Amino acid sequence: MLMHFPPQLPDRMERFYVQYIEDWALCNGLCMRDIDNSHAVHAPVTMFPTPFSKSGFEEALRIQCAFNELYFHAATHEEWLLGHLEEAAKHDDFTAKLIQIHKAAKAGQTQRLTGGLWRSDYIVNGSRTSLEGRQVKQVEFNTVSVSFGALASKVADMHEFLSHASRSWTGHGEVPRNTALKDLARGLANMHAGYKVAEIQHRQATHQTSTSAIEDEDDASIMDDPVVLFIVQPDETNVMDQRLIEFELVKEHDIVSYRISLAEVPDFVVRTNDNRLLHNPSGREIAVVYYRAGYAPSDYPTDVEWNAREMLESSHAVNCPSTLTQLAGAKKIQQVLTDRSVLTKIAPSLSSDTVDRLMKTFVKIYPMDDSPEGEQGRYYALREPDHFVLKPQREGGGNNIYGEDIPEFLQSIPTESWAAYILMELIEPPKITNRILRAGKLQSGRVVNELGVFGTVMWDRDHNELLMNEQAGWLLRTKLQDSHEGGVAAGFGCLDSIQLM
Ligand code: ADP
Ligand code: MG
Ligand code: MG
C-alpha cells in the first residue's frame with residue numbers, strides 16, 4: 001500500500017494544492033508569526049497525512065493515562081526525584097537552579113493543586129516498509145511548555161479538507177480526528193475550576209479560625225472572574241498555537257487569559273497580603289499560571305525571571321506545571337523509570353499489566369554515572385556509539401549528540417560531568433516519503449515521524465490524589481530524514497496528521 005504514497009498529482013494540479021494549503025492555513029490560524037513578528041506565515045506542513053501504524057497509534061493513545069499516572073507519582077516523590085537529579089545538578093547549572101527555585105517556592109506555597117499539560121513522544125520502531133502491527137517506542141516525556149496541540153488539530157482538519165477538495169486524492173487509510181485543542185483548553189478550564197473550589201475551602205478554613213464569620217458577599221467578590229496567565233517567551237513566533245487555546249478558553253469556558261513574559265511579571269502581577277496573585281491593571285485574580293516559557297536557560301537571562309518564577313509558584317495560583325513537575329520530565333528521570341523495579345515502587349497504583357505495556361514502549365537508556373549500568377553506558381558511548389543518542393538535561397530540541405559524534409564530544413568535557421547526560425538507544429523509524437510545504441516551497445524526501453500524545457492532569461498535593469487524568473489528543477511531527485532534530489519551531493520539522501495503516 002505504501003508504494004502508492006505519497007500520491008502523484010498531475011503537474012497542473014499541484015499549484016491548486018499549494019494554494020489550498022497556504023490559504024486554508026492563513027484562514028484558520030494554522031500559522032506562525034514571521035521572525036520579524038510583523039506578519040503571519042503558514043506553518044510548515046505535509047501535503048498529505050503520513051501513513052502510521054494503526055496499532056501503534058491506538059496503543060499510544062490508550063496508554064497516555066498510565067503515563068500521566070506514572071509521572072504524577074514521579075512528581076510527588078520529592079525526595080526520590082531530587083535524589084536522582086543530584087548528580088546532574090552538580091554539573092548542570094540550569095537543573096541546579098530549578099531545584100533551588102523549587103525549594104524556595106515550596107516554603108511559601110499556599111496552593112495544594114498542581115496542573116499539567118503533558119506530552120509523551122514516540123517513534124514507530126523498525127525500518128521495514130510495512131507498517132502493520134508496528135510498535136511505538138517512547139522518545140521522551142514532556143512535562144512543561146508542550147506545544148503544537150492547537151496547530152496539530154488544525155492540520156488534521158486541513159488534511160480532511162484537502163481530501164474533500166480533491167477527487168484525485170481521496171486518501172488511503174482512515175484519517176483520525178484530533179481533539180487536542182479542545183482537550184488542552186478543557187484541561188486548563190478544569191484547573192481554573194479547581195482553583196475556585198480550593199480557594200473557597202481555603203478561605204472558609206482561614207475564616208473559621210478567625211473571629212469573623214465568612215460573608216458570602218466577600219467570597220463572591222474575591223472570586224470575580226479569575227483569569228489564566230500565559231507565561232510566554234518575549235520573541236515567540238509560535239503565537240497562534242497559544243492564542244487558539246486562549247480563544248477556545250473564552251469560547252467554550254468563558255475564561256479570559258493574559259499573556260506576559262517572565263520579565264514582565266513585576267509590571268503586571270501583584271501579590272496580595274494573603275499571597276493571591278492579581279493581574280495588574282485589570283485587578284483580576286490569577287487562577288492558573290500556564291507556562292509556555294521557562295523550560296530553557298535562555299528564558300532566564302537575569303535574576304528578574306528567576307524571581308518571577310519563584311513568586312508565581314509561591315502563591316495561591318495553580319501552577320501548570322510546578323518547578324518540581326518540570327524536573328520530573330528530566331531525561332535523567334526518564335532513564336531511571338525504565339527500570340521496572342523502580343517504576344513499580346514509585347507508582348504502586350499501576351497494575352502489573354499496565355506496567356508491562358509501559359515497559360514495552362521503552363528502549364534501553366543508560367546512565368552515564370559510575371554505577372555498574374553507567375559503566376556500560378560509558379562503554380557504548382565511547383566504543384560503540386553508532387546506535388545511540390546522548391542527551392543532556394535540556395528541552396526544546398537541538399541539544400542532543402548523535403552516534404559517531406558522541407566520543408569526541410565526551411572527550412571535550414570533564415569526565416565528572418558525564419553523569420549529567422543519559423545515553424539512549426536510537427529508534428529506527430520506517431522508511432516513508434512525503435512532501436512538505438514550508439514558506440510556500442515544496443520539498444520532497446524520506447521523512448521521519450514523531451507522534452506526540454497529550455495528557456491533562458491535576459492533583460491535590462495534600463491528599464496525594466489525582467483529580468484529573470485524561471488523554472488529550474495528539475500531534476504528528478515530520479522531518480526530512482537528514483535533519484537530526486524534529487523541532488518545528490526550530491525550522492527542522494513540520495506538522496502532519498495521520499492515516500492509519
Ligand atoms: P527535546 O526535549 O529537546 O525535544 P528529545 O529527546 O525529544 O529532546 O530529542 C530531540 C529529537 O531527537 C527528537 O524529536 C527525535 O527526532 C530525536 N531523538 C531523540 N531520541 C531519539 C531516539 N532514541 N531515537 C531516534 N531519535 C531520537
Ligand atoms: Mg522535550
Ligand atoms: Mg522532544
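The values are calculated or read from the model by the stated rules, or taken from the named source; none is laboratory data. Keep in mind that what you see is a predicted model, and the values were worked out from it rather than measured. Every residue, glycine as well, gets a Cβ built from its backbone with ideal geometry; the counts of neighbours run over all protein chains shown.
Quick one: would you say E384 is farther than 30 Å from D183 by Cα, at pLDDT 95 or above and within 10 Å of ligand 1 (Cβ to nearest atom)?
no
Restricted to segment 94-122, and to residues that are closer than 30 Å to P429 by Cα and of a type in the set (A, V, I, L, M, F, W, C), which residue is farthest from ligand 1 (Cβ to nearest atom)?
Filtering first and then ranking leaves L117.
Would you check if there is a residue in segment 350-361 being hydrophobic (A, V, I, L, M, F, W, C), in a helix (DSSP H, G or I) and surrounded by fewer than 20 Cβ atoms within 10 Å (Cβ to Cβ)?
Within segment 350-361 (the criterion being hydrophobic (A, V, I, L, M, F, W, C), in a helix (DSSP H, G or I) and surrounded by fewer than 20 Cβ atoms within 10 Å (Cβ to Cβ)), the answer is yes, since at least one residue qualifies.
What is the number of the single condition among (1) modelled with pLDDT of 95 or more; (2) exposed (fewer than 14 other Cβ atoms within 10 Å of the Cβ); (3) assigned by TED's automatic domain parsing to the domain that holds V336 that D460 does not meet?
Here D460 meets the rest and fails (2).
Of all residues in segment 364-382, which are away from ligand 2 (no atom under 16 Å from the Cβ) and touching a residue at least 24 places away in the same chain (Cβ under 8 Å)?
K364, Y366, P367, M368, D369, D370, G374, G377, R378, Y380, A381, L382 - these are the residues of segment 364-382 that are away from ligand 2 (no atom under 16 Å from the Cβ) and touching a residue at least 24 places away in the same chain (Cβ under 8 Å).
Has segment 111-120 got any residue that is away from ligand 3 (no atom under 16 Å from the Cβ), surrounded by fewer than 20 Cβ atoms within 10 Å (Cβ to Cβ) and in the same structural domain as L327 (by TED's automatic domain parsing)?
yes
Would you pick out the residues in segment 60-78 that are in contact with a Phe, Trp or Tyr (Cβ under 9 Å, 6 or more places away or on another chain) and not β-branched (V, I, T)?
A60, L61, Q64, F67, N68, L70, Y71, F72, A74, A75 - these are the residues of segment 60-78 that are in contact with a Phe, Trp or Tyr (Cβ under 9 Å, 6 or more places away or on another chain) and not β-branched (V, I, T).
Take segment 447-466 and flag every residue that is more than 19 Å from Q499 (Cα to Cα) and either of a type in the set (F, W, Y) or not in a strand (DSSP E or B) (or both).
Of everything in segment 447-466, those that are more than 19 Å from Q499 (Cα to Cα) and either of a type in the set (F, W, Y) or not in a strand (DSSP E or B) (or both) turn out to be W459, R461, D462, H463, N464.
Go through (1) surrounded by fewer than 20 Cβ atoms within 10 Å (Cβ to Cβ); (2) outside the structural domain of I35 (by TED's automatic domain parsing); (3) aliphatic (A, V, I, L, M) for A439 and report which single condition fails.
Only one criterion is unmet by A439, namely (2).
Just checking: which of the strands (runs of 3 or more DSSP E) contained wholly in segment 2-93 hold 1 or more residues that are of a type in the set (F, W, Y) and crowded, with 16+ Cβ neighbours inside 10 Å?
Answer list for segment 2-93: 50-52.
From (1) under 24 Å from the mean Cα position of the chain (by Cα); (2) in a helix (DSSP H, G or I); (3) surrounded by fewer than 23 Cβ atoms within 10 Å (Cβ to Cβ); (4) charged (D, E, K, R), pick out the condition that doesn't hold for K332.
Of (1) under 24 Å from the mean Cα position of the chain (by Cα); (2) in a helix (DSSP H, G or I); (3) surrounded by fewer than 23 Cβ atoms within 10 Å (Cβ to Cβ); (4) charged (D, E, K, R), only one is false for K332: (3).
Just to be sure I understand, how many residues within segment 113-154 are touching a Lys or Arg at 6+ places or on another chain (Cβ under 7 Å) and under 12 Å from G56 (Cβ atoms)?
6
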